[in-house]
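J.: This is the structure I have questions about; it appears just below.
The values are calculated or read from the model by the stated rules, or taken from the named source; none is laboratory data. Only a predicted model underlies this, so the values are computations on that prediction, with no experimental measurement involved. Ideal geometry is used to build each Cβ from the backbone, glycine not excepted, and the neighbour counts take in all protein chains shown.
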Amino acid sequence: MAIDLAAPNSIYIHTVKTDVKDINPTRKAISITATSEEVSEQEAKLIKDFQRQAKIPGFRPGKAPENMVRQRFAKDIQQELKQRVVSQAHQEGVAGAEFEVFTIVELDEGEVKGGQEATITFTVDVIPEFEVPAYEGLKVTNTPTEASDEEVTKMLDQVLGQRAEYNVADKAADKGDYVQCAYEGKIGDDAIADLVTDTPMFGTQANTWEEAGNEDTPGVRAIVDGLVGMKAGDTKEVTMEFPEDFKPEALAGKTVIYSIEAKEVREKVMPEMNDAFFESMQVKDEAELRTKISENIENQKKQQNADGERQQITEGLVKAVDFPVPESGVESETEAVLRDFMQRNMQQGVSAEEFEKHKESLHEGASKAAHDRFKSRLILTKIAEKEKIKVENEDFSRMIMMEAQQSGQNPDKLVKELQKDQNRVNQMRRDIILGKTMDLLAEKAEREIVEPVEVVGD
């Protein structure tokens, strides 16, 4: 029988002792001891309850002998007695603690029997006491949000490229053309396909399309660059030197020879910027289109700045105050960080085997990130308490509408689901408070505009 620590009950146990021991700075053991007389008294009450409700052949309800009820329902009586004793011990020792309990990490129910003492021990992680660091006027840096002519032109080219047509052409491929090709990679006599079986794009492709000269390709750069200048029927070899830290690890630091065969060239034909094109873009001319693109770029930069500000604020708060963080909180946060990381990378073709090879280093990195992320939440929670930040009805309504839009769910249906899931509601409440707290800190921050640092490619 599962023990519901929050279950209501009609008993009250006068403890003979409540003992609290420190295991580490954020973990305590709370032991609650009830006297044998009190446990026996509650057992007697339970037996009376069972007597009133028991249906035993040959006896009217409530008239069955106590010894018969005790014998017939011994297991049920014992389970219910333990349930009540543990639940009340939780109320007295955990819910009623003078320190803030984060979570119960272990429960030792001991032995609960009538006629003997019962000691229940809760091992809990606690929220440590710490001084809230100064949070008004935190310094953050932003980059300019104006869109340059070069940025607008590049984005316009991308818009045009999305509407481009690709026509079969009897010519050498130019940069931006698509080429149907086959290729095979080898290190000496060893086929790459045998070394990286989970990522065939690095080994052998019998029939694939690649954009010639694409600088942002997720594939093999040497192949993509090598396709420039090739006509249908041409073959060639190219050399690819993989970085020392490359993933998959089997190719790290290796020099690979790729044999390429071009099968078909499709010329990229950009659309004409005419009245029909402008109408489809909901603008009257190129000038208005450029203005629209410029506004989109500026909005993106503003959002990047906002995200960057919050990251800087979080990092600043974490560095500003030192205190131990509950182990269980870091552990659960680490699992969340790892799940997000693995999901993103598996979508990019990283195999489960690669994760397994590096699980120790990945876990170490995730644990550090989780520690800081969880620590920042504790700090933000304290700031929220100090600033008396509350969750208003409109906050809930706004979050429900946002979640409904993201999931494609009917808002009314989502509300009904939330009414049945108090844990989810509590999590939403915490997220709202943390979000409003971060908004407050961003509002109070001191900003400095700096020019972005140019990243020089290899």
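J.: Can you pull out the residues in segment 372-393 that are without any contact (Cβ under 8 Å) to a residue 60 or more places away in the chain and either closer than 13 Å to residue 428 by Cα or within 22 Å of the chain's Cα centre (by Cα) (or both)?
T.: 372, 373, 374, 375, 377, 381, 390, 391, 392, 393
J.: When you look at residue 238, is it assigned to a helix (DSSP H, G or I), in contact with a strand residue (DSSP E or B) (Cβ under 9 Å, 6 or more places away or on another chain) and without any contact (Cβ under 8 Å) to a residue 60 or more places away in the chain, yes or no?
T.: Considered against the rule, which asks whether it is assigned to a helix (DSSP H, G or I), in contact with a strand residue (DSSP E or B) (Cβ under 9 Å, 6 or more places away or on another chain) and without any contact (Cβ under 8 Å) to a residue 60 or more places away in the chain, residue 238 comes out as no.
J.: Can residue 108 be described as within 39 Å of the chain's Cα centre (by Cα), farther than 30 Å from residue 383 by Cα and surrounded by fewer than 18 Cβ atoms within 10 Å (Cβ to Cβ)?
T.: So residue 108 passes the test.
J.: Quick check, is residue 117 over 30 Å from residue 270 (Cα atoms), among the charged types (D, E, K, R) and under 29 Å from the mean Cα position of the chain (by Cα)?
T.: When the stated conditions are applied, residue 117 does not pass them.
J.: Being crowded, with 18+ Cβ neighbours inside 10 Å and either part of a loop (DSSP other than H, G, I, E, B) or small (Gly, Ala, Ser) (or both) is the filter here; which residues of segment 111-126 pass it?
T.: Within segment 111-126, 112, 114, 118 meet the criteria.
J.: Consider residue 330 against the criteria (1) of a type outside the set (Phe, Trp, Tyr); (2) surrounded by 13 or more Cβ atoms within 10 Å (Cβ to Cβ); (3) over 30 Å from residue 198 (Cβ atoms); (4) modelled with pLDDT of 95 or more: it satisfies all of them except one. Which criterion is unmet?
T.: Tallying (1) of a type outside the set (Phe, Trp, Tyr); (2) surrounded by 13 or more Cβ atoms within 10 Å (Cβ to Cβ); (3) over 30 Å from residue 198 (Cβ atoms); (4) modelled with pLDDT of 95 or more, residue 330 fails exactly one: (4).
J.: Could you run through segment 276-310 and say how many residues are closer than 30 Å to residue 437 by Cβ, among the charged types (D, E, K, R), out of contact with any Pro (no Cβ under 9 Å at 6 or more places or on another chain) and in contact (Cβ under 8 Å) with a residue 24 or more places away in the chain?
T.: Going through segment 276-310 one residue at a time, the tally reaches 4.
J.: If I ask for residues that are of a type outside the set (Lys, Arg) and surrounded by 14 or more Cβ atoms within 10 Å (Cβ to Cβ), which ones from segment 238-248 would you list?
T.: Residues satisfying the conditions are 238, 240, 242, 246, 248.
J.: For segment 144-224, please list each of the strands (runs of 3 or more DSSP E) lying entirely inside it that holds at least 2 residues being touching a strand residue (DSSP E or B) at 6+ places or on another chain (Cβ under 8 Å) and among the β-branched types (Val, Ile, Thr).
T.: Output list reads 178-187, 204-211.
Let's see how each residue does on (1) in the same structural domain as residue 247 (by TED's automatic domain parsing); (2) within 32 Å of the chain's Cα centre (by Cα); (3) modelled with pLDDT of 95 or more:
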{"site": "152", "(1), (2), (3)": "no, no, yes"}
{"site": "156", "(1), (2), (3)": "no, no, yes"}
{"site": "171", "(1), (2), (3)": "yes, no, yes"}
{"site": "175", "(1), (2), (3)": "yes, no, no"}
{"site": "188", "(1), (2), (3)": "yes, no, no"}
{"site": "193", "(1), (2), (3)": "yes, no, no"}
{"site": "199", "(1), (2), (3)": "yes, yes, no"}
{"site": "215", "(1), (2), (3)": "yes, yes, no"}
{"site": "224", "(1), (2), (3)": "yes, no, yes"}
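J.: Among (1) of a type outside the set (A, V, I, L, M, F, W, C); (2) modelled with pLDDT of 95 or more; (3) surrounded by 14 or more Cβ atoms within 10 Å (Cβ to Cβ), where does residue 146 come up short?
T.: (3)
J.: Continuing with the same structure: Working carefully through the options 325, 318, find the one that is under 26 Å from residue 104 (Cα atoms), in the same structural domain as residue 374 (by TED's automatic domain parsing) and not in a helix (DSSP H, G or I).
T.: 325
J.: Let me ask something else about it. Restricting to segment 250-273, name every residue that is touching a residue at least 12 places away in the same chain (Cβ under 8 Å) and surrounded by fewer than 14 Cβ atoms within 10 Å (Cβ to Cβ).
T.: 255, 269, 270
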